[in-house]
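Right, one structure below, let's go through it.
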Amino acid sequence: MDKISIKGGARLYGQIPISGAKNAALPLMVASLLTDEPLILTNVPKLADVVFMAELLKSFGVNVEWTPGQKLGEGGTYRLQANRVRGSTAEYDIVRKMRASFFVLGPLVVRVGLAKVSLPGGCAIGARPVDLHLKGLQALGAAIDVAEGYVIADAPAGLAGGEVVFPMVSVGATENVLMAACLAQGRSVLVNAAGEPEIVDLGNCRMAMGAKISGLGTSRIVVDGVSKLHGASHAVLPDRIETGTYAMAVAIAGGEVELTGTTPDLVSSLLELLVLIGAEVSSTGTGIKVVRNGSRPKSVSVDTAPFPGFPTDLQAQFMALMATAEGTSRIRETIFENRFMHVPELVRVGADIKVEGDTAIVTGVGRLHGAPVMATDLRASSSLVLAGLAAEGETIVNRVYHLDRGFERLEEKLRAVGANIERQSE
């Protein structure tokens, strides 16, 4: 099993190209089920989850062609065509490996009238129930039954427009219902919808395919269903989590790096905090420049929140940064319970962190110290890499398969700007 070795202390200088967003690419790929014409997606990152989604779509008869990018950070191209959908069941052995597999529920039931999708099961960072997905599809006329660990959605006459009121903001449920509503008969109104950039990207792609959607990026999305969607070509938006992670890598290690192929609006809540901790942040013609030299970062407290608030997927990385800051910060996790599993691993490298309920109290230390650590999930694993960049000695991050699910060629990108980092295979 691979692991990553980081020898801390090196400042970072140069450019890091930002890849396409995994969290946008996955539902975009699933949306190929909504048309019998080709959907061409560019700027797609080559990640374990993306490859797995391609295999899942192949099981439904989707023709999948992949053309890789030619250089570091350059996304590849997927050509997906669901000329004829074969089958309607997503088995447990498939869905348990990647929760995004559940996105096939809405497109399948509206395209072929039936979908049988395994419940995703447990999640390492807390419960992520799918009831909002199911209630949303019920509001559009699907008959829903849950039996023997499977969700069965039945709509032999198709779906009909309706009002879907989400009791809480859910990115996944908004995406699933939005895809189904595009081919429903009549108007659908999604109330208390999520407004993340990935949803806007999904909606823009659907409109390029002929969907009629308004209100993207707001809490009220209106979809006027059409009888058929056509093919289109769409570029996946830059990955805001990767953008934020590398911005914090510069903040924790020091140096001057331009993050290319991305935009400040994707991570404005983080960039504001980086300025407060003492970093310099500026927009360039091709991306974002982050500079931190001189004294230790200053402590800043934050609560996670839905977009445009501070992303839960950057919470672990920010905690690593605050572990090196001057003073004490409070980091409150409001999205997922049990998302502090990285705390014991950060403590292993010398961090001073105490957890009280949904809040981590982080007292910064002058220096972290390298140690063997274990990644517990995707975002937690990147926080350990950041800690290793600032630590004295060598940090060994085990279970890096978590990283490979969401960060494309991470060690190569960091090594290109001066980090002493390498992948080791056993």
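Throughout, read-outs are computed from the coordinates displayed, never taken from laboratory work. The structure presented is a predicted model; accordingly, all values stated were derived computationally and were not measured. Counting neighbours? That spans all protein chains shown, and the Cβs are built from the backbone with ideal geometry, glycine included.
Between beta-carbons, use under 13 Å as the cut-off and find the net charge around Val362, counting Lys and Arg +1, Asp and Glu -1. Could you put the intermediate results ahead of the total?
Numbers: positive: Lys298, Arg330, Arg332, Lys354; negative: Glu326, Glu333, Asp352, Glu356.
Overall, the nearby charge balance is 0.
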Report summary line: Around Arg292 (Cβ within 12 Å, Cβ-to-Cβ, excluding Arg292; K/R +1, D/E -1) the net charge comes to +2
Query raised in the report: What trypsin sites (Lys or Arg not before Pro) in the stretch 191-232 are in a loop by DSSP, with at most 15 other Cβ atoms within 10 Å of the Cβ?
Result: Lys228
Report summary line: Output for the stretch 105-211: GluC sites (Glu not before Pro) sitting in coil per DSSP, at most 13 other Cβ within 10 Å, listed by number, reads Glu148
Requested in this report: List the residues whose amide H sits under 5 Å from the amide H of Met374, counting only those 5 or more places along or on another chain, with H placed 1.01 Å from N in the peptide plane.
Outcome: Asn398
Report task. Decide, for the stretch 57-124, between rounded, prolate and oblate: order the square roots of the alpha carbon gyration tensor eigenvalues as a ≥ b ≥ c, take rounded if a/c falls under 1.5, and otherwise choose prolate if a/b is larger than b/c, else oblate. Result -> oblate
Query raised in the report: So in the chain, what percent of DSSP beta bridges are antiparallel if you round to the nearest 5?
Result: 70
Query - Under-21-angstrom lysine pairs by C-alpha in the stretch 22-235, whenever the two are 8 or more apart or on separate chains - result: 12
Requested in this report: Return Cys205, Cys182 ranked ascending by Cβ neighbour count within 10 Å, so the fewest neighbours appear first.
Outcome: Cys205, Cys182
Report task. Using DSSP to define loop residues, name the GluC sites (Glu not before Pro) in the stretch 268-357 whose beta-carbon has at most 16 other beta-carbon atoms within 10 Å. Result -> Glu337
Requested in this report: Just need the relative contact order of the chain here, percent rounded to a whole number, with Cα pairs under 8 Å and 6+ apart.
Outcome: 21
Requested in this report: In nm, give the distance between the simple-model label positions of Thr67 and Glu326, each being 7 Å from the Cα along the Cα-to-Cβ direction.
Outcome: 5.3
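Of all DSSP beta bridges located in the stretch 22-235, what percent are antiparallel, nearest 5? Spell out each step's value before the answer.
Working: 27 of 37 bridges.
Approximately 75 percent, going by the DSSP bridge assignments.
Want the number for Gln138 to Asp224: 0.36 nm per residue separation, take away the alpha-carbon distance, what's left?
Details: separation 86, 0.36 × 86 = 30.96 nm, distance 1.74 nm.
Roughly 29.2 nm would be gained on extension.
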Query raised in the report: All other residues with a Cβ under 14 Å from the Cβ of Leu39 taken together, and with Lys, Arg as +1 and Asp, Glu as -1, what is their net charge?
Result: 0
